[in-house]
Amino acid sequence: MTRALNRTTADLSSYPDLVVIYLGMRVNEPRGVRTLMSFGPKIRKSVEARPDGLLLHENLLFSLFPPHAGMRQYWRDFDSLERWARSLPHQQWWQQFLRDRGGTGLAKFAPVTPARGSLFSARRRLGMHEGSGPPPGIPEEELYQR
């Protein structure tokens, strides 16, 4: 007797602009352990607030040595993600992280290049018109004026 195959797939037709992001933070120096651990409760609280457009949040562990943890998130569209990223509390976390990475890093598999000009924001990296969304979390000129 053979069993009938019951193949299924996700119907994403209700989400034509779905955005899936993977974010990670790798410890690069001892103080990075504290930085990495401090983000867990902040992120959990933020997800529990159910931001508009966040469809699913999943925590991930990339490696134990060096410690490298992250998340995968599914957003209804880029505008929802960007609106959340540019609002409190995320905006404040990002501003602090840009000023001091706290012994952690975000890049692992691709060459690192300065995030300036057309590479400064996700909107610019995607070739989207600047000014059609919320203002940046921190203006490029303010960050690099030092």
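The values are calculated or read from the model by the stated rules, or taken from the named source; none is laboratory data. Keep in mind it's a predicted model, so treat the numbers as computed, not measured. Backbone-built Cβ (ideal geometry, glycine too); neighbour counts: all protein chains shown. Quick note on the areas: whole protein, heavy atoms, side chains included, nothing else; ligands and nucleic acids left out. Shrake-Rupley method; radii C 1.70, N 1.55, O 1.52, S 1.80 Å.
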Does the stretch 7-15 contain any residue that is in a strand (DSSP E or B), open to solvent by 40 Å² or more (accessible area, probe 1.4 Å), in contact with a strand residue (DSSP E or B) (Cβ under 9 Å, 6 or more places away or on another chain) and within 25 Å of LEU126 (Cα to Cα)? no
Does THR9 satisfy the criteria of being at pLDDT below 95, farther than 28 Å from PRO135 by Cα and not hydrophobic (A, V, I, L, M, F, W, C)? yes
Given the stretch 79-146, what helices (runs of 4 or more DSSP H) lie entirely inside it while holding 2 or more residues that are closer than 21 Å to VAL19 by Cα and open to solvent by 70 Å² or more (accessible area, probe 1.4 Å)? 122-125
Has the stretch 21-39 got at least one residue that is touching a strand residue (DSSP E or B) at 6+ places or on another chain (Cβ under 7 Å) and basic (Lys, Arg)? yes
Collect the residues in the stretch 37-78 that are basic (Lys, Arg) and surrounded by fewer than 16 Cβ atoms within 10 Å (Cβ to Cβ), keeping them in residue-number order. LYS42, ARG44, LYS45, ARG50, ARG72
